[in-house]
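Since every read-out is calculated from the coordinates, none of them should be taken as a lab result. The structure presented is a predicted model; accordingly, all values stated were derived computationally and were not measured. Quick reminder, even Gly has a Cβ in these numbers, built from the backbone with ideal geometry, and neighbours come from all protein chains shown.
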Amino acid sequence: MDRRNFIRSSISAAVAASLPGTQALAASLLHTPTTVPSNIDAITGDGAEVTLQQAAVQELSDSLKGKLLLPGSSAYDDARWLLRPQYDRHPALIVQPTGSADVQNAVDFARDNSLLLAVKCGGHSATGKSSCDKGMQIDLSQLRNARVDRAAKTARIAGGSLLGELDHEAMSHGLVTTAGSVSHTGVGGLTLGGGFGRLGRRFGMSIDNVLEMDVVTPDGKLRRVNADNDPDLYWALRGGGGNFGVVTSFLFQLHEMQRDVVTGFIGYPLSEAKQILEFYAEYAEKIPDEMGLGAGVGGRLGQEPGVGIYFVWSGDPAKADKYIEPLRKAGTVVADRVTTMDYVAVQRSGDIDDTRAFTGYMKSSFLNSMTSELIDTLVDNFEPHPDRGTRFGFGVSGGAIGRVANADTAFAHRDAKFSLMSFVSWKSDTDKEEHVKYIKSHWSNVEPFSTGFYVNDHFDQPQESVNATYRENFPRLLNIKQKYDPTNLFRLNANIRSV
Ligand SMILES: Cc1cc2nc3c(=O)[nH]c(=O)nc-3n(C[C@H](O)[C@H](O)[C@H](O)COP(=O)(O)OP(=O)(O)OC[C@H]3O[C@@H](n4cnc5c(N)ncnc54)[C@H](O)[C@@H]3O)c2cc1C
């Protein structure tokens, strides 16, 4: 420990020891920067080895109100945690900011040293790109807060928050906005890529409700970005993923909604999969915006595979039956679970309690339509397996999602009527090769029907396929990327490569 840190931590300890009760507690919260014991080996964005000088890293540590975390502490291991257990990354250093100023210091340090840089919010990245080996990780888990302005019907959400915080705070005022279907997903990652959710057809995608963002750009500047300030960046951040900087807060538009919604699941035998999916494809064209709808074929590991339709009706409860009854007539009903439920509880109902038990691999796709040919291809190639869960899920877009033009935000799949997710999961301690091979070969059959994939679900697709999924928005995105991130500092994402 150098002299300056020794004096500072000795004073903190001495002050804490001399004070009773709450004063001692307050003193224990005095900021003590992490001591950096030696030089640190790291890598650049291009993979070259670099040595970070101890004094420079110490200066970074001293500049933070939050923490610098180095290997060897439990806080470091918690901060590098990702949802999918197959990604066990070990960054050279982790910055855990408590505000935008810390993020600016971290970004300046990463840029000046050309470091490989990862940004983590909820840690749900499909490819484990929110942490990295031997680079710097910015872990936003201490940047969690949701503040609702009831009169303005808006919510200011800190950039590291989870969806559950947004839903919980907003609904306590009788307000909502579109958020994804698992409450421990990060607001940051989900929103920047687009953001689908149970209310999307009614209130639009998450990005359609973002009025403003505070973002630290690669030059280290903190910018308030909205329709008037940096409008290009405001456009690009809504669908362009983590390519342009670190968002430290989002301002969301909220909407009035009753607390209780009618929700449920109607199940049918696997043998009727084609008939049910044909019905679903037609039915999806007829439903009002208040109906959020999904269909799935398959099952989790150990479950009897079947086919099912899920829904959330957020409209007038008296009208719910009109839209549920046709589902009961679509085939042989083997499960009928319809209930009225608190919306926030519905949003938590898909949460994963043991995130280390299973791991998985997925492919996603947008579709203009669900043709009979696609349905046949999918069902004929469905192969249940005793050691894995295999599921195909069709989400319905349209409604408010489809009333925005492809060019209005960076998200370029407004015209897609459906999204398809193919997912295999297996016990973390078993061999994965066979399952990944299966879903890849299955996917090659489905790909001809696809108009592109969701950047939030991307699974190491080749660069040309990443570029192609931004469709006609790609040239504008590339220009904006070259302007704000000319060295491609923010590259661990569905990358728009500026260099
Ligand atoms: C269980 C599960 C359920 C899901 N459900 C839905 C759903 O209902 N709807 C839907 O649309 N998607 C859904 N997804 C996909 C989800 O949108 C992506 O996985 C998303 O990236 C998760 O965001 P995160 O913050 O949790 O992830 P992280 O892994 O923390 O971040 C992913 C990437 O987002 C970027 N990023 C995150 N926060 C910031 C920030 N503040 N500033 C700048 N960049 C940032 C970084 O590039 C990072 O690599 C789901 C995923 C899972 C695993």
(request) Please tell me which of these pairs span more than 31 angstrom C-alpha to C-alpha: LYS221/LYS417; LYS134/LYS363; LYS129/LYS437; LYS67/LYS427; LYS129/LYS286? (result) LYS221/LYS417; LYS67/LYS427; LYS129/LYS286
(message) If I take every Cα pair under 8 Å that is 6 or more residues apart in the chain, average their sequence separation and divide by the length, what percent do I get for the relative contact order?
(response) 14
(message) Let me check I've understood the local charge: for ASP88, count other residues with C-beta under 12 angstrom from its C-beta, Lys and Arg +1, Asp and Glu -1. What total comes out?
(response) +2
(request) Return a whole-number percent for the relative contact order of segment 33-142, with Cα pairs under 8 Å and 6 or more residues apart as the contact set. (result) 29
(request) Just order 379-388, 363-372 by mean Cβ neighbour count inside 10 Å, highest at the front, would you? (result) 363-372, 379-388
(request) In debye, nearest 20, what is the charge dipole magnitude of the chain about its Cα centre with +1 on Lys and Arg Cβ and -1 on Asp and Glu Cβ, if you could check? (result) 760
(message) What does DSSP give for segment 33-142 in terms of the percent of beta bridges that are antiparallel, rounded to the nearest 5?
(response) 55
(request) Grab the alpha carbons of segment 33-142, take their convex hull, and tell me the volume per residue in Å³. (result) 90
(message) If you take every residue apart from GLY398 with its C-beta less than 15 Å away from the C-beta of GLY398, what net charge results, scoring Lys and Arg +1 and Asp and Glu -1?
(response) +1
(request) Take the alpha-carbon centre of segment 44-83, take the same for segment 376-433, and report the distance between them in whole Å. (result) 36
(request) Could you let me know the centre-to-centre spacing of segment 239-299 and segment 123-191, using Cα atoms, in angstrom? (result) 19
(request) Determine the percent antiparallel among the DSSP beta bridges restricted to segment 260-463, to the nearest 5. (result) 100
(request) Have a look at ALA126, GLY164, THR263 and report the one farthest towards the positive end of the charge dipole of the chain, computed about the Cα centre with Cβ charges (Lys/Arg +1, Asp/Glu -1). (result) GLY164
(message) Give me the net charge for the shell around MET370: Cβ to Cβ below 12 angstrom, other residues only, Lys and Arg +1, Asp and Glu -1.
(response) -3
(request) Name the residues whose placed amide hydrogens come within less than 5 Å of the amide hydrogen of PHE418, ignoring near sequence neighbours (fewer than 5 apart) on the same chain. (result) LEU367, SER397
(request) Enumerate the amide H contacts of LEU52 below 5 Å, restricted to partners 5 or more residues apart or on another chain; note that Pro and chain-start residues carry no placed amide H. (result) ILE40, ASP41, ALA42
(message) Working only with C-alpha atoms, what are the Rg and Dmax values of segment 231-315, expressed in angstrom?
(response) 18.7, 51
(request) Pull up the cross-link candidates among the aspartates and glutamates for LYS481, meaning alpha carbon to alpha carbon under 15 Å and not fewer than 8 places away within one chain. (result) ASP219, ASP230, ASP232
(request) May I ask you to order 184-197, 151-164 by the average number of other C-beta atoms within 10 Å around their residues, highest value first? (result) 184-197, 151-164
